[in-house]
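S.K.: Sharing a structure below in structure tokens format, with a few things to ask.
The values are calculated or read from the model by the stated rules, or taken from the named source; none is laboratory data. The shown structure was predicted, so the numbers you read here are calculated from the model rather than taken from an experiment. Virtual Cβ from ideal backbone geometry, glycine too; neighbours counted across all protein chains shown. For the accessible areas, the whole protein counts, side chains as well, though only heavy atoms, and no ligand, DNA or RNA atoms are used. Shrake-Rupley method; radii C 1.70, N 1.55, O 1.52, S 1.80 Å.
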Amino acid sequence: MLSALKGAIARREELTEHQRAQMLALMQLCYAGVSAERFAKDLEEKQYVILLSLRRTGELVGFSTLRVAEDRMGGKAVELVFSGDTVIHPDHWGQKELQVQFARFTAWRRLRRPLRPLLWLLLSGGYKTYLLSVNNFPRTIPRHDWEAPQERVTFMRQLASRWFGEQYDAERGVLRFAQQHYRVRDGVAPIDRAAAAHPHIAFFASRNPGHVDGEELVCLTEVRLRDLARSVGWILVKQVMGVTRRGLRLIGVRARA
């Protein structure tokens with residue numbers, strides 16, 4: 001198998017009570033301030049869930065909730081995909097199955113209406129979530145190495161204001177929650193000296209210094225088929241290279257034996 005994880009896309013109403021309990025447990029493992037009530041409310045606002053499980057045991061080790069909506073940008077119809085709660089057990093960081101399943105989902109949405117732009121609305125409470133966007137999609141707002149058209153920046157701000165109300169700080173581009181909200185637990189994906197040297201991570205930290213208190217950076221990404229193809233293609237190449245290296249090491253061990 002190329003990946004230790006197996007991904008699936010399910011409708012929210014298809015989830016079993018056991019799956020919901022596993023999802024809540026994962027959130028509480030990696031985030032502070034997670035209540036069962038708030039988790040359930042967030043889930044009910046979404047239509048789809050990406051589920052990540054271990055191939056060998058079927059244990060759920062990650063998920064991402066998704067909401068699909070329609071809007072208009074500059075008078076033109078657009079489709080929105082909004083990522084809600086997203087988490088992967090720390091033991092499985094580095095696996096790319098979430099990216100593969102997200103690409104599968106967004107490619108399906110994109111191909112349904114090929115002439116309609118598809119935009120991904122993402123709230124980044126930690127740098128790993130932010131990297132999922134900027135590492136795979138060049139047209140992401142905000143990022144340090146691309147200046148977006150003003151029309152798109154204005155749309156993002158108006159959208160965030162409509163969806164999140166007074167919790168959205170348009171000047172800083174972040175959500176500051178009036179009530180207790182999730183925050184990444186201390187010691188989970190900290191921005192240490194090595195991470196801070198990465199330009200995307202340094203930019204995230206500068207734009208959202210309040211991430212340690214649960215503030216989230218509002219990001220808007222254009223999802224293009226060419227970017228999806230490049231991202232998934234690169235993932236597959238790296239997986240094949242990894243399998244090849246492991247095979248060569250195994251052959252070398254056997255030859256020496």
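S.K.: What is the one condition in (1) farther than 23 Å from residue 96 by Cα; (2) modelled with pLDDT under 90; (3) open to solvent by 40 Å² or more (accessible area, probe 1.4 Å) that residue 158 does not satisfy?
M.R.: With (1) farther than 23 Å from residue 96 by Cα; (2) modelled with pLDDT under 90; (3) open to solvent by 40 Å² or more (accessible area, probe 1.4 Å) applied to residue 158, the lone miss is (2).
S.K.: Also: With respect to the numbered conditions (1) of a type in the set (Phe, Trp, Tyr); (2) over 18 Å from residue 5 (Cβ atoms); (3) in contact with a Lys or Arg (Cβ under 8 Å, 6 or more places away or on another chain), which one is the sole condition not fulfilled by residue 130?
M.R.: So the condition that residue 130 fails would be (3).
S.K.: A further question on this structure: Looking at region 41-99 only, could you name the residues that are touching a Ser or Thr at 6+ places or on another chain (Cβ under 9 Å), under 17 Å from residue 30 (Cβ atoms) and assigned to a loop (DSSP other than H, G, I, E, B)?
M.R.: 59, 95
S.K.: Just give me the residues in region 19-40 being part of a loop (DSSP other than H, G, I, E, B), open to solvent by less than 40 Å² (accessible area, probe 1.4 Å) and among the small types (Gly, Ala, Ser), in sequence order.
M.R.: Result: 33, single match.
S.K.: Mind counting the residues in region 41-66 that are surrounded by 12 or more Cβ atoms within 10 Å (Cβ to Cβ), acidic (Asp, Glu) and under 13 Å from residue 15 (Cα atoms)?
M.R.: So the count comes out to 0.
One line per residue, one yes/no per condition, for (1) closer than 24 Å to residue 6 by Cα; (2) acidic (Asp, Glu); (3) touching a helix residue (DSSP H, G or I) at 6+ places or on another chain (Cβ under 7 Å):
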{"residue": "39", "(1), (2), (3)": "yes, no, yes"}
{"residue": "46", "(1), (2), (3)": "yes, no, yes"}
{"residue": "53", "(1), (2), (3)": "yes, no, no"}
{"residue": "75", "(1), (2), (3)": "no, no, no"}
{"residue": "86", "(1), (2), (3)": "yes, no, yes"}
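S.K.: A follow-up question, please. Contact list please: Cβ distance under 7 Å, first residue in region 213-231 and within 18 Å of residue 114 (Cβ to Cβ) and open to solvent by 10 Å² or more (accessible area, probe 1.4 Å), second residue outside any strand (DSSP E or B) and charged (D, E, K, R), pairs at least six apart or on different chains.
M.R.: Here the result reads 222/139; 225/110, each pair linking region 213-231 to a residue that is outside any strand (DSSP E or B) and charged (D, E, K, R).
S.K.: I need the full set of residues from region 190-212 which are assigned to a loop (DSSP other than H, G, I, E, B) and at pLDDT below 85, in order please.
M.R.: Answer for region 190-212, where residues must be assigned to a loop (DSSP other than H, G, I, E, B) and at pLDDT below 85: 190, 191, 192.
S.K.: When you look at residue 102, is it open to solvent by less than 30 Å² (accessible area, probe 1.4 Å) and assigned to a loop (DSSP other than H, G, I, E, B), yes or no?
M.R.: no
S.K.: If you take the residues of region 127-153 that are within 22 Å of residue 42 (Cα to Cα) and in contact with a helix residue (DSSP H, G or I) (Cβ under 6 Å, 6 or more places away or on another chain), which of them is modelled with the highest pLDDT?
M.R.: Among those that are within 22 Å of residue 42 (Cα to Cα) and in contact with a helix residue (DSSP H, G or I) (Cβ under 6 Å, 6 or more places away or on another chain), it is 130.
S.K.: So which residues in region 90-119 are small (Gly, Ala, Ser) and in contact with a helix residue (DSSP H, G or I) (Cβ under 9 Å, 6 or more places away or on another chain)?
M.R.: Correct list: 103, 107.
S.K.: Which of the residues that make up region 132-155 are within 22 Å of residue 104 (Cβ to Cβ) and out of contact with any His (no Cβ under 6 Å at 6 or more places or on another chain)?
M.R.: Once the filter is applied, which keeps residues that are within 22 Å of residue 104 (Cβ to Cβ) and out of contact with any His (no Cβ under 6 Å at 6 or more places or on another chain), region 132-155 yields 132, 133, 135, 136, 137, 138, 139, 140.
S.K.: Still on this structure, I have one more. With the requirement that a residue be in contact with a Phe, Trp or Tyr (Cβ under 9 Å, 6 or more places away or on another chain) and either within 21 Å of residue 100 (Cβ to Cβ) or touching a residue at least 60 places away in the same chain (Cβ under 8 Å) (or both), what does region 8-29 give you?
M.R.: Hits for region 8-29 are 9, 10, 11, 12, 19, 22, 23, 26, 27.
S.K.: If you check residue 116 against the conditions, is it under 18 Å from residue 152 (Cβ atoms), assigned to a loop (DSSP other than H, G, I, E, B) and open to solvent by 20 Å² or more (accessible area, probe 1.4 Å)?
M.R.: For residue 116, the condition - under 18 Å from residue 152 (Cβ atoms), assigned to a loop (DSSP other than H, G, I, E, B) and open to solvent by 20 Å² or more (accessible area, probe 1.4 Å) - is met.
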